[in-house]
Amino acid sequence: MLGAVLRKVGHRIRIVDASAQGLGYEETLEQAKKFQPDIIALTAVTPSIIKTVKLATMIKVVYPSVPAIIGGPHFTAVPEQTLLDYPVFDYGVVGEGENTIVELVEALSADRPPSNVKGVAYCENGKVTFTLPRLPIKELDTLPFPAWDLLDGFPSQYRPALFKYKKLPSTHIVSARGCPNKCIFCDTSVFSRQIRFHGAEYVLEMIGYLVKDFGIKEIIFEDDQFLIRKKRVAKICDGILKAQWRISWCCSGRVNSVNDLSLLKLMKHSGCWQINYGIESGNQKILDFAKKAITINQIKKAIRLTHKAGILSKGYFIFGLPYETEETMKNTIRFAMRIPLNDMSIFTLTPFPGSEMYEIAEQHGTIEKDFEKMNLLDVVYVPNGLSKEKLLYYQRRFMKDFYLRPRIVGNYLKRLLANPLNVFNMIKAFRGFSQSVFGKTSDL
């Protein structure tokens, strides 16, 4: 999106997505040398910030006078710490970046100080200076479509994680920004708690562009709250059906937004094959402490309605929230197996910078503040009364108990028969599952 807004105002743009293209540090540096940039802009999530610093340092060795700008979730969560710890960055963009990056680049290009550009942070005389804050973008439809054409290898090199898609090629769309909820483990500092939507017409035009120009066959909606505005969802479904694109799509939703079977059936008819739900726990006390603002009964109802509509449901769970015990983890496993879920992911709690949990973590347990380990794979937080070994044991037990059931195995076999080309991916996934579930564990 940042490339799109910068190109719109006339700047020369080169996007290097090193992760998607499988580029190492030296290869990425060579891409920068070929382009000969006037400004370098990088983004980072928490587990990638150290690698981003290393790359920025390598580029600055070659281009020491070229300004380096950092943005993204990690910087927005801890801007002062980032600039002080990593002086390789000259400027940082706090929050949504579209308007800020355009004004900042124009100021730097004209040799003007950035002090009048809202939403910027920079070091000055050893101290971090913040300009006035930038308000969230209210009218999202004023933004251009993301510059997918600037991504090398799009869409073939941008394959989603296994079982997150039904058809290829596929891509992700963010059709709304912001989340009004207050879950303690989430960082909403980039898009804020103010929810804003692209209009249904804008979304449909974007999908049409992706289908026509890139041959996209599946859309993955990455909105936190895709189902919250039901009339918009219905308009999008009707538009997909009217256009006869015959695409498949999936989305995420909150269980307390699901109470309309007719809408779910319309979604199914328009190509929706899966809805992902953040369930987190089967224990109401833990849900309440996490400020999920949902109930066990709402979870049951949403999953059953989704099942009744013929749409698959995937539940996301977290072990290790405050007040977690061996008994509550057992309860969550039993709960997940009683409701008609088709898929699940279980993580141990990672208190990301910017979240409320990051601030209160040490009141309820022990946290390892190693950013590279905050990758949802390593255990970095252990609540009082538990151990890392117990968390890993119940995580693996959850996966084994949930997936090694006739209903779930049969479901995956049906998906394989529907798309036999996935057989090699299925084998790869099974190997990964076996390693995760039956790999070496410490004795309890």
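With the requirement that a residue be hydroxyl-bearing (Ser, Thr, Tyr) and exposed (fewer than 13 other Cβ atoms within 10 Å of the Cβ), what does the stretch 12-51 give you?
Going through the stretch 12-51, the residues hydroxyl-bearing (Ser, Thr, Tyr) turn out to be 19, 25, 28, 43, 46, 48.
Passing the criteria: only Ser19.
So, Arg112, is that one charged (D, E, K, R) and under 20 Å from Gly354 (Cβ atoms) or not?
no
For the stretch 71-81, indicate whether the set of residues that are in a strand (DSSP E or B), modelled with pLDDT of 95 or more and of a type in the set (Phe, Trp, Tyr) is non-empty.
no
Would you mind finding the one in Lys127, Lys167, Lys182 that is surrounded by fewer than 20 Cβ atoms within 10 Å (Cβ to Cβ), more than 20 Å from Met1 (Cα to Cα) and in contact with a strand residue (DSSP E or B) (Cβ under 7 Å, 6 or more places away or on another chain)?
Criteria check complete, one pass: Lys167.
If you scan the stretch 52-70, which residues turn out to be buried (at least 16 other Cβ atoms within 10 Å of the Cβ) and either charged (D, E, K, R) or at pLDDT below 95 (or both)?
The answer is Lys60, and nothing else.
List every residue pair whose Cβ atoms sit under 7 Å apart, with the two residues 6 or more apart in sequence or on different chains, where the first one lies in the stretch 337-355 and is surrounded by fewer than 18 Cβ atoms within 10 Å (Cβ to Cβ) and the second, anywhere, is part of a helix (DSSP H, G or I).
Sorted first by the residue in the stretch 337-355, then by its partner, the pairs are Met337/Asp401; Met337/Phe402; Pro340/Ile303; Pro340/Arg304; Pro340/His307.
Please count how many residues of the stretch 90-112 are within 27 Å of the chain's Cα centre (by Cα) and hydroxyl-bearing (Ser, Thr, Tyr).
2
Any idea which of Leu305, Leu287, Leu377, Leu341 is part of a loop (DSSP other than H, G, I, E, B) and farther than 28 Å from Lys51 by Cβ? Talk me through it step by step, then tell me what you get.
Details: Leu305 fails: part of a loop (DSSP other than H, G, I, E, B); Leu287 fails: part of a loop (DSSP other than H, G, I, E, B); Leu377 fails: farther than 28 Å from Lys51 by Cβ.
After applying the criteria, what remains is Leu341.
Can you find a residue in the stretch 79-99 that is aliphatic (A, V, I, L, M), closer than 15 Å to Asp38 by Cα and touching a strand residue (DSSP E or B) at 6+ places or on another chain (Cβ under 7 Å)?
No, the stretch 79-99 has no match at all.
Among the residues of the stretch 176-191, is any over 20 Å from Met206 (Cβ atoms), assigned by TED's automatic domain parsing to the domain that holds Val16 and in contact with a Gly (Cβ under 9 Å, 6 or more places away or on another chain)?
No; the residues of the stretch 176-191 include none that is over 20 Å from Met206 (Cβ atoms), assigned by TED's automatic domain parsing to the domain that holds Val16 and in contact with a Gly (Cβ under 9 Å, 6 or more places away or on another chain).
Only residues that are among the hydroxyl-bearing types (Ser, Thr, Tyr) and within 29 Å of Trp249 (Cβ to Cβ): list them for the stretch 292-331, please.
Selection gives Thr295, Thr306, Ser313, Tyr316.
Residues Gly278, Gly310, Gly315, Gly354: which one is in a loop (DSSP other than H, G, I, E, B), assigned by TED's automatic domain parsing to the domain that holds Leu404, modelled with pLDDT of 95 or more and among the small types (Gly, Ala, Ser)?
Gly310
Could you run through the stretch 155-177 and say how many residues are part of a loop (DSSP other than H, G, I, E, B) and over 17 Å from Trp249 (Cβ atoms)?
Within the stretch 155-177, residues that are part of a loop (DSSP other than H, G, I, E, B) and over 17 Å from Trp249 (Cβ atoms) number 3.
Which of the residues spanning the stretch 122-154 are assigned to a loop (DSSP other than H, G, I, E, B), of a type outside the set (D, E, K, R) and over 28 Å from Ser19 (Cβ atoms)? Spell out how you get there, then give the answer.
So the first thing to find is which residues in the stretch 122-154 are assigned to a loop (DSSP other than H, G, I, E, B), and the list is 125-126, 131-139, 143-147, 151-154.
Then keep just the ones that are of a type outside the set (D, E, K, R); that gives 125-126, 131-133, 135-137, 143-147, 151, 153-154.
Across the stretch 122-154, the qualifying residues are Asn125, Gly126, Thr131, Leu132, Pro133, Leu135.
Go through the residues of the stretch 114-121 one by one and say whether even a single one is of a type outside the set (Val, Ile, Thr), assigned to a helix (DSSP H, G or I), without any contact (Cβ under 8 Å) to a residue 60 or more places away in the chain and surrounded by 18 or more Cβ atoms within 10 Å (Cβ to Cβ).
Yes: the stretch 114-121 contains one or more residues that are of a type outside the set (Val, Ile, Thr), assigned to a helix (DSSP H, G or I), without any contact (Cβ under 8 Å) to a residue 60 or more places away in the chain and surrounded by 18 or more Cβ atoms within 10 Å (Cβ to Cβ).
In the stretch 229-249, what residues are under 15 Å from Leu140 (Cβ atoms) and assigned to a loop (DSSP other than H, G, I, E, B)?
First, pick out the residues of the stretch 229-249 that are under 15 Å from Leu140 (Cβ atoms): 229, 232, 236.
The answer is Arg229, and nothing else.
Looking at this structure, is Asp224 assigned by TED's automatic domain parsing to the domain that holds Thr366, surrounded by 17 or more Cβ atoms within 10 Å (Cβ to Cβ), acidic (Asp, Glu) and free of Cβ contacts under 8 Å to residues at least 60 places away in the same chain? Don't jump to the end; show me each part of the working.
Working: assigned by TED's automatic domain parsing to the domain that holds Thr366: yes; surrounded by 17 or more Cβ atoms within 10 Å (Cβ to Cβ): yes; acidic (Asp, Glu): yes; free of Cβ contacts under 8 Å to residues at least 60 places away in the same chain: yes.
It is true that Asp224 is assigned by TED's automatic domain parsing to the domain that holds Thr366, surrounded by 17 or more Cβ atoms within 10 Å (Cβ to Cβ), acidic (Asp, Glu) and free of Cβ contacts under 8 Å to residues at least 60 places away in the same chain.
When the stretch 277-311 is examined, which residues are found to be touching an Asp or Glu at 6+ places or on another chain (Cβ under 7 Å) and aliphatic (A, V, I, L, M)?
Those that are touching an Asp or Glu at 6+ places or on another chain (Cβ under 7 Å) and aliphatic (A, V, I, L, M): Ile286, Leu287, Ala290.
Among the residues of the stretch 53-71, is there at least one that is polar (S, T, N, Q) and in contact with a Phe, Trp or Tyr (Cβ under 6 Å, 6 or more places away or on another chain)?
No, the conditions are met nowhere in the stretch 53-71.
Please work out if Asp111 is in a loop (DSSP other than H, G, I, E, B), at negative phi and surrounded by fewer than 19 Cβ atoms within 10 Å (Cβ to Cβ).
Against the criterion (in a loop (DSSP other than H, G, I, E, B), at negative phi and surrounded by fewer than 19 Cβ atoms within 10 Å (Cβ to Cβ)), Asp111 does not qualify.
Please verify whether Ala32 is of a type in the set (Gly, Ala, Ser), over 19 Å from Val105 (Cβ atoms) and in a helix (DSSP H, G or I), treating the condition exactly as stated.
no
The values are calculated or read from the model by the stated rules, or taken from the named source; none is laboratory data. On a predicted model such as this, the values are computed, not experimentally measured, just so you know. So basically every Cβ, Gly included, is an ideal-geometry build from the backbone, and we count neighbours across all protein chains shown.
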